[in-house]
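Visitor: Would you mind keeping the following structure in view while I ask a few things?
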Amino acid sequence: MYSEEIDKRKTFGIISHPDAGKTTLTEKLLLFGGAIQTAGAVKSNKIKKTAASDFMEIERQRGISVATSVMSFEYHDHLINLLDTPGHKDFAEDTYRTLTAVDSVILVIDSVNGVEEQTKRLVEVCRMRDTPIIVFVNKLDLEGRDPFDLLDEVEESLGIRVKPLSWPINRGKSFKGVYNLHNHTLNLFEANKTKVSKEIISISDLNQPQLDTLIGKDADQLREDVELVEGVYESFDKAAYLKGQLAPVFFGSAVNNFGVKELLDTFVEIAPTPLPRVSTKGPIDPYDKKFSGFIFKIHANLDPNHRDRIAFLRICSGKFERNKFVHHSRLNKDIRFNNPYSFLAREKNLIDEAFPGDVIGLYDTGSFKIGDTLTDGETFEFQGIPSFSPEIFREVINTDPMKSKQLEKGVRQLTDEGVAQFFVQQPGNKKIIGTVGELQFEVIRYRLLNEYGASCNLVHKNFHKACWITTKNQEMLDDFMRIKASEVALDKDDNPVFLAPSAWMLQMAQENYPDLTFHFTSEFKTMDSTK
Ligand code: G4P
C-alpha cells in the first residue's frame, strides 16, 4: 500500500531558456491532467521582460508563484507533481534549488533559437546530480533549424547523448506533423490551441503507399530521415536515460498542443518514481518507512501584517502526517503542523498525509532555512541543496538608526528565504548582500521597507565573485584572512569566504595559496567544486 503510493508518483520540473515555451507546455500538460479547464490559466506566470524594475510586477509575480510553485495532477494511474522553476535569469538560484527536489526534468528548446545560455546553465545543474532529462523541441510551426543540426548542438553544447523518439515532417509553414519512432505512428499536424485529443494513424512500415497519400511529397524525405536517424542514433536505452546520460527527444508545438500528449505518455512510462536522496548518514531510500524530507524553498506571505511564510517540503521517505511531531534536525527540536497543504488541481488543500515525491507547503513563523531537514527523530541533514557563488554585491547601510534591529532581522530572514546571500565583514561588522541577479536588490529593498519598516541604502561593492574557502592548512588560512582582511568575510554559518575583486586576483590567490581550496557553490561540504 505504502509502496504503491510511492510508485505512482512522478515529481519533475520543466526547464528552459525564457520564451522557449515552458509556461505554454506547463499549461498543456495541466490540460491533459484535467488540472485546468481552459488554456490561458497559467499564462500570467512570468515576469514580462519589460517589467524587470517594476515593484508591483515583482509582488504580483510572488503572489502567482506561490500558487504555481507545485502543480499536482493525476494522469492515468499516476500522480504527477510538477514543480515550477522561475524563468527569469535573476531568479536562477531559486530554479537551481528547485531542481534538487525533482526526480527528472523536461527541457524545452526553441527550434528557432536552439540551445541558449540559460539552457546550458540549467542542464549543468541537472548534470551535477545526473537528473534524467527528456528534451522537447518546441515551435515546429515556425521556420526553425534543421532537426539534425539541433540534435548535434544539444549533444555538443550540453554534453549529453540524445535519442529522438519522434521525428518532424517538415517545419514552419509546411510542418505536417511528427512520426513516432517508438511506436510507429503518424500524428498529423493541425493548428489547434485547445483541443486535447486527435487521431493518431498507425504506420508500421514506412514503405506503405498510405504514407504518400497522407503527406505527399514529404513521404520520401521522412523515409530518408528515419533511415538516417536509425543509422546514427543508438536504440533507446532506458537505463542510460535514468542515469542522466541519454536524453530522449520529442518534437512538437506546445502552443498548438501538438506532440504534447506523446511527450506526456512517454514521460509517465519512463520517468523515475521518487529517488533516494543523499544525506549525512548515507542515501535515504524512499521506501524507508521512517519519515524524512527537506525544505528547498521558502516563500514569504504576501500579507505584510502576517510575517508568516510558506516553506516547501519535499518528502524523501516515510509518511508525513498532519499534527504528528517531526524532528527539526538543525534546531534539534520537535515541531508539528496542523495545516500542511498540497496543491492538487492547483488548489491549496489541507492534507492529512503525504508520501515520498510529494511537495507540501508548511506555514512557518521563521524556524526554517533553505536546506533544513525534518526527520522522525533522528539527527541528520540532506545534502546537495546548493547556494551558488554570488556575483553582484551591495553593502547594506542603515538609513534609519531607530530601525537597526528591524533591518538586521529583515536582512537575515530574507536571506534565509534564499533571496540573496549574506556575509559579514570585519572590522566594522559590515553587512554585505550578494546575489546572482540585479532584480533581487529591488525585491530586498522593497520588502525590507514594506515588511520590516526598515530603510537602507544598498551601496555597490566591486567584487567579482564570492568563493567559500576550505583547507587542512589552518596556518595558511589564518595568513590569508589577515593579509586579505578587506576581501574576506564570513557567511551566515561562519564559513570563511573570499570576496575576490577580479578573476585575476582569484587566480593569483589560487596560485599563491595552494593549500586553500576556493569553492563556487556552497556544496563544498559534499562535493568538490573547484572550477
Ligand atoms: P516561457 O515560459 O519559456 O518563457 O515561454 P512561454 O510559454 O511564455 O512562450 C513564449 C512565447 O512563445 C509565447 O508567445 C508563446 O505563445 C510562444 N509559443 C509557445 N509555444 C509555441 C509554439 O509551439 N509555436 C509558436 N509559434 N509559438 C509558441 P508570446 O508572444 O510571448 O506570448 P503570447 O502573447 O502568445 O501569450
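The values are calculated or read from the model by the stated rules, or taken from the named source; none is laboratory data. If you're wondering where the values come from, they're calculated on a predicted model, not measured in any experiment. Here the Cβ is made from the backbone with ideal geometry for all residues, glycine too, and neighbour counts use every protein chain on show. Side chains included, ligands, DNA and RNA excluded: accessible areas come from the protein's heavy atoms. Shrake-Rupley method; radii C 1.70, N 1.55, O 1.52, S 1.80 Å.
Visitor: Once neighbouring chains are kept in place and the probe is 1.4 Å, which whole percent of the accessible area of the chain is contributed by carbon and sulfur?
Guide: The C+S portion of the solvent-accessible surface of the chain is 49 percent.
Visitor: Normalised by the number of residues in region 392-526, what is the relative contact order in percent for Cα pairs under 8 Å and 6+ residues apart?
Guide: Contact order relative to length: 28 percent.
Visitor: Contact order normalised by length for region 292-375, with contacts defined as Cα pairs under 8 Å and 6 or more residues apart; what percent is it?
Guide: 40
Visitor: Also: Going through region 227-306, which GluC sites (Glu not before Pro) have at most 10 other Cβ atoms within 10 Å and a DSSP loop state?
Guide: Glu234
Visitor: I'd like the GluC sites (Glu not before Pro) in region 317-409 restricted to DSSP loop residues with at most 15 other Cβ atoms within 10 Å, sorted by number.
Guide: Passing sites in region 317-409 are Glu347, Glu378, Glu391.
Visitor: Using only the alpha-carbon atoms, how far is helix 117-128 inclined from the longest principal axis of the chain? Give it as 0 to 90 degrees, nearest 10.
Guide: Once rounded, one gets 80 degrees.
Visitor: Give, in whole angstrom and from largest to smallest, the semi-axes √(5λ) of the equivalent ellipsoid of region 292-375, with λ running over the eigenvalues of the Cα gyration tensor.
Guide: Sorted largest first and rounded, they come to 18, 17, 11 Å.
Visitor: Report the gain in length on full extension from Arg127 to Glu4: 0.36 nm times residue separation, minus Cα-Cα distance, nm rounded to one decimal.
Guide: 41.4 nm
Visitor: Where only protein heavy atoms count, and the probe is 1.4 Å, what is the accessible area per residue for the chain in Å²?
Guide: Accessible area per residue, the chain: 42 Å².
Visitor: Counting only protein chains, not ligands or nucleic acids, how are Asp352, Asp479 ordered by accessible area (probe 1.4 Å), most first?
Guide: Most to least solvent-accessible, the answer reads Asp352, Asp479.
Visitor: Can you flag which of Lys243/Lys319; Lys261/Lys369; Lys281/Lys405; Lys369/Lys430; Lys28/Lys281; Lys28/Lys243 are past 30 Å Cα-Cα?
Guide: Lys261/Lys369; Lys281/Lys405; Lys28/Lys281
Visitor: Related question: Contour minus end-to-end for Asp146 and Ser202, with contour as 0.36 nm per residue of separation and end-to-end as the Cα-Cα distance?
Guide: My answer for the length gained is 17.6 nm.
Visitor: Can you give me the Cα centroid spacing of region 307-371 and region 100-115 in angstrom?
Guide: So the separation of the two Cα centres works out to 28 Å.
Visitor: I would also like to ask the following. For the chain, just run the numbers: alpha carbon Rg, then divide by 2.2 N^0.38 Å, N being how many residues it has.
Guide: That works out to 1.03 for the chain.
Visitor: Ok, one more. What order do Tyr241, Tyr287 take when sorted by accessible area (1.4 Å probe), most exposed first?
Guide: Largest to smallest exposure gives the sequence Tyr287, Tyr241.
Visitor: Let me ask something else about it. At a Förster distance of 56 Å, what's the computed FRET efficiency of Glu234 paired with Ser486, Cβ-Cβ distance as r, to 0.05?
Guide: The calculated FRET efficiency here is 0.50.
Visitor: Right, another one. Quick one: compute the contact order of the chain, relative version, from alpha carbon pairs under 8 angstrom and 6+ residues apart, as a percent.
Guide: 13
Visitor: A further question on this structure: How long is the gain from Ser367 to His460 if the chain were fully straight, where each residue apart is worth 0.36 nm and the alpha carbon distance is subtracted?
Guide: This chain segment gains 30.4 nm when fully extended.
Visitor: On to the next question. Compute the acute angle (0 to 90°) between the alpha-carbon long axis of helix 22-32 and the principal axis of greatest extent of the alpha-carbon atoms of the chain; round to the nearest 10°.
Guide: 60
Visitor: At Leu506 and Glu117, where each label point lies 7 Å from the Cα along Cα→Cβ, what is the point-to-point distance in nanometres?
Guide: My value for the distance between the label points is 1.6 nm.
Visitor: Here's another thing I want to ask about it. Using only Cα atoms, tell me the angle between helix 147-158 and the longest principal axis of the chain; keep it within 0 to 90° and round to the nearest 10.
Guide: 20
Visitor: Indicate, rounded to the nearest 5 percent, the antiparallel portion of the DSSP beta bridges found entirely in the chain.
Guide: The antiparallel fraction comes to roughly 75 percent.
Visitor: Summing +1 for each Lys or Arg and -1 for each Asp or Glu, what net charge is found among the other residues whose Cβ lies under 11 Å from the Cβ of Val459?
Guide: Surrounding charge for Val459 is +3.
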